[in-house]
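The values are calculated or read from the model by the stated rules, or taken from the named source; none is laboratory data. Just so we're clear, the structure is a prediction, and the values are computed from it rather than from any experiment. Cβ placement follows ideal geometry from the backbone for every residue including glycine, while neighbour counts extend to all protein chains displayed.
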Amino acid sequence: MEDLRTRIARTLRRERESAGLSVSELGRRAGISKATVSQLESGSGNPSVETLWALGVALGVPFAVLVDEQTNAPTLIRAADLAGVPSSAADYSATLLSASPPGARRDIYLITAEPGDPRRSDPHHAGTTEHVILLSGQAQIGPVDEPVLLNPGDYLSYPGDAPHVFEATAADTRAVLVSELR
C-alpha cells in the first residue's frame, strides 16, 4: 500500500503537469512557496489540510483527489450488458467505457454503427484529439473534408476540435474511440 506522502507527491505532480503549470506558478496561485510545492512533489514535505486545500483550489481539483487512494481493481463491462447512447441523426451509438478521472483528460467509448447516414460531429473543445481503433466492419472516419477508410485493426488519430465524421460502410461496424483533451 502506498503511503500518504508518496500518494500526495505523485498526485500533485500529475495534476500540476496536467494543468500545464510550473512549480513556481502553482505556488503563486496557491499562496504558498515554491519550496513547499517542490518538497511536497518530492515526498519530503508534510502538508497541512490548508496547504492541500489551497493547492486543490489552485489546480481546480477537489481536496480528495490529492489524498484519495486510487483503486487498481479491474473493471469488467460485458458486451451483452452495453447500453449505448444513440444518435438522433444516424444508426450510431456510443457507450462510455471509462470516464476521465480527475486530472486526466480522456474518455473511452465503444462505437456501434450501421451503414446509412453518417454521424457528423461538431468541433469539441480546443486541443481535443480522437483516437479510433476499428474492431469490425468498415468505416470512413476522421476530418469531414478528408475521412479515411478503416478496416478491422486499423488505428487513426485526428483533431477532434475540427468537424469530423464516422460513417459505417459495412454492417456491424464497431470501434473503440478515445477522446483526449490536452
Read through the list (1) modelled with pLDDT of 90 or more; (2) under 25 Å from Arg105 (Cβ atoms), then give the number of the only condition that Val61 fails. (1)
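Any chance segment 162-169 includes a residue that's under 26 Å from Asp81 (Cβ atoms), assigned by TED's automatic domain parsing to the domain that holds Ser87 and surrounded by 15 or more Cβ atoms within 10 Å (Cβ to Cβ)?
Filtering segment 162-169 down to residues under 26 Å from Asp81 (Cβ atoms) leaves 166, 168.
Still in the running and assigned by TED's automatic domain parsing to the domain that holds Ser87: 166, 168.
With surrounded by 15 or more Cβ atoms within 10 Å (Cβ to Cβ) added as a condition, the list becomes 166, 168.
Yes, segment 162-169 contains at least one residue that is under 26 Å from Asp81 (Cβ atoms), assigned by TED's automatic domain parsing to the domain that holds Ser87 and surrounded by 15 or more Cβ atoms within 10 Å (Cβ to Cβ).
Name the residues in segment 14-36 that are hydrophobic (A, V, I, L, M, F, W, C), over 25 Å from Gly127 (Cβ atoms) and touching a residue at least 12 places away in the same chain (Cβ under 8 Å), would you?
The one that is hydrophobic (A, V, I, L, M, F, W, C), over 25 Å from Gly127 (Cβ atoms) and touching a residue at least 12 places away in the same chain (Cβ under 8 Å): Ile32.
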Please verify whether Ser136 is surrounded by 16 or more Cβ atoms within 10 Å (Cβ to Cβ) and either among the aromatic types (Phe, Trp, Tyr) or out of contact with any helix residue (DSSP H, G or I) (no Cβ under 7 Å at 6 or more places or on another chain) (or both), treating the condition exactly as stated. no
Looking at the structure I just gave you, is Ala126 farther than 30 Å from Ala80 by Cα, modelled with pLDDT of 90 or more, of a type in the set (Gly, Ala, Ser) and within 23 Å of the chain's Cα centre (by Cα)? no
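So that you can scan it fast, the table gives a plain yes or no per residue for (1) touching a His at 6+ places or on another chain (Cβ under 8 Å); (2) modelled with pLDDT under 85; (3) under 30 Å from Leu12 (Cα atoms):
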{"site": "Ser87", "(1), (2), (3)": "no, yes, no"}
{"site": "Ala104", "(1), (2), (3)": "no, yes, yes"}
{"site": "Gly116", "(1), (2), (3)": "no, no, no"}
{"site": "Glu146", "(1), (2), (3)": "no, no, no"}
{"site": "Leu150", "(1), (2), (3)": "no, no, no"}
{"site": "Phe166", "(1), (2), (3)": "no, no, no"}
Flagged in segment 7-25 as polar (S, T, N, Q) and either in contact with a helix residue (DSSP H, G or I) (Cβ under 7 Å, 6 or more places away or on another chain) or not assigned by TED's automatic domain parsing to the domain that holds Gln39 (or both), in numbering order, are Thr11, Ser24
Being under 29 Å from Gly127 (Cα atoms) and either more than 21 Å from the chain's Cα centre (by Cα) or of a type in the set (D, E, K, R) (or both) is the filter here; which residues of segment 37-56 pass it? Val37, Ser38, Glu41, Leu52, Trp53, Ala54, Leu55
Select from segment 128-181 the residues that are among the acidic types (Asp, Glu), in contact (Cβ under 8 Å) with a residue 24 or more places away in the chain and not in a strand (DSSP E or B) and list them in ascending order. Asp161, Asp172
